[in-house]
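Take a look at the structure set out below.
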Amino acid sequence: MHAWEAIQKSIDYIEDNLAEPLEIETLAQVASLSVFYYQRLFTRLVKISVREYIKLRRLPRAAHLLKDRKSRVIEVAFEVGFSSHAVFSRTFKTVYGLSPSLYQKAPIGLQNFDKPDLSLGYIVTEEGNPLISEGVVLEIQKKRNKQPMVFYGVIGYYPFKYGKMLGQRTGIDPIDEIWHDFYQKIENQPRTDHCLIGVSFPGDAPEGYSSYFVGQLSDGTQLSTLIEWTLPARDYIVCSFDTISEQLIINMGKAMRYTRFWLKKNGWIAEDFFPELYRKGNNRVTHVELWIPFKKRREMQGGTE
């Protein structure tokens, strides 16, 4: 068994027992490791400590229950495994920036630390060969965009921390607010949901932030108040998957992390804008494509690019 597989076993166990008391000794046994080495290896692979991870995984379940508005805050606290109302409220506010009672009154988009699939950092598939990760099928291939694609929408900003990708950040979700702003702007306009885009890029964002554009493919009838953004004609590495709306953010985080790993293992590096294309399918399914502009990783003096 590889080291990452041992830690993944304990991650799966944690997910199945979040409402129960979780002792480090038990998790180490699940992973067939000593307590000392288990904690050290977990932090190395997951990037946070075991105790911090358990806390961050309990909070999304709590937020879901609070959003339902059928349970009191103290009931939610115990249901997801917190030892007291005070500990739960303090933790929730520290991580998300607002109290659980305030969130329950007015739920907003939150960013969560998602359950990781460690295999996505170790298994390299061939181009066009799908990889299955807990129900989502990821497929990577090169594509050429032969003609520029023009989109109209809105631009906002979100705090950017180097190395922290979707599914590894916590707090209020500023990108959710930008999407909300976009839908408000086109409320009385024809919808072209067959092709929407969200794209992160430097733009004119202030220091510590990144620009984020949300828009729909141009059909020639856009409002003059909307902003134009063009997806350039060029080659891209495209990671695609199908998802239901409830799993969109989780699966997007997986796709982003796997694409970064895949590029590195194949000697490529992403450039400075990251388009996400969304195409509505039948029922609740959305087809998502991450279009990553790339270039060859060059050897740099003292290291790599």
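Residues in the stretch 150-177 that are open to solvent by 50 Å² or more (accessible area, probe 1.4 Å), part of a strand (DSSP E or B) and within 25 Å of Arg90 (Cβ to Cβ): Pro159, Ile172.
Of all residues in the stretch 278-289, those that are crowded, with 16+ Cβ neighbours inside 10 Å have Cβ atoms under 7 Å from Cβ atoms of residues that are part of a strand (DSSP E or B) and aromatic (Phe, Trp, Tyr), 6 or more apart or on another chain, in Thr286/Tyr278; Val288/Phe241; Val288/Tyr278. Just one of the numbered conditions (1) of a type in the set (Val, Ile, Thr); (2) in contact with a Cys (Cβ under 9 Å, 6 or more places away or on another chain); (3) open to solvent by 10 Å² or more (accessible area, probe 1.4 Å) is not true of Thr259: (3).
His180 meets all of the listed conditions (1) open to solvent by 70 Å² or more (accessible area, probe 1.4 Å); (2) over 21 Å from the mean Cα position of the chain (by Cα); (3) of a type outside the set (A, V, I, L, M) but one, namely (2). Within the stretch 71-88, being open to solvent by 30 Å² or more (accessible area, probe 1.4 Å) and of a type outside the set (S, T, N, Q) holds for Arg72, Ile74, Glu75, Phe78, Glu79, His85, Ala86, Val87. The set of residues in the stretch 202-256 that are in contact (Cβ under 8 Å) with a residue 60 or more places away in the chain, exposed (fewer than 14 other Cβ atoms within 10 Å of the Cβ) and of a type in the set (Ser, Thr, Tyr) contains only Thr230. Residue count for the stretch 18-60, restricted to those that are open to solvent by 40 Å² or more (accessible area, probe 1.4 Å) and either in contact with a Cys (Cβ under 7 Å, 6 or more places away or on another chain) or modelled with pLDDT of 95 or more (or both): 18. Please work out if Val285 is over 23 Å from Met165 (Cα atoms) and under 19 Å from the mean Cα position of the chain (by Cα). Answer is yes for this residue.
The values are calculated or read from the model by the stated rules, or taken from the named source; none is laboratory data. The shown structure was predicted, so the numbers you read here are calculated from the model rather than taken from an experiment. Using ideal geometry, Cβ is built from the backbone for each residue, glycine included, and neighbour counts are taken over all protein chains shown. These accessible areas exclude ligands, DNA and RNA; they are computed on the full protein's heavy atoms, side chains included. Shrake-Rupley method; radii C 1.70, N 1.55, O 1.52, S 1.80 Å.
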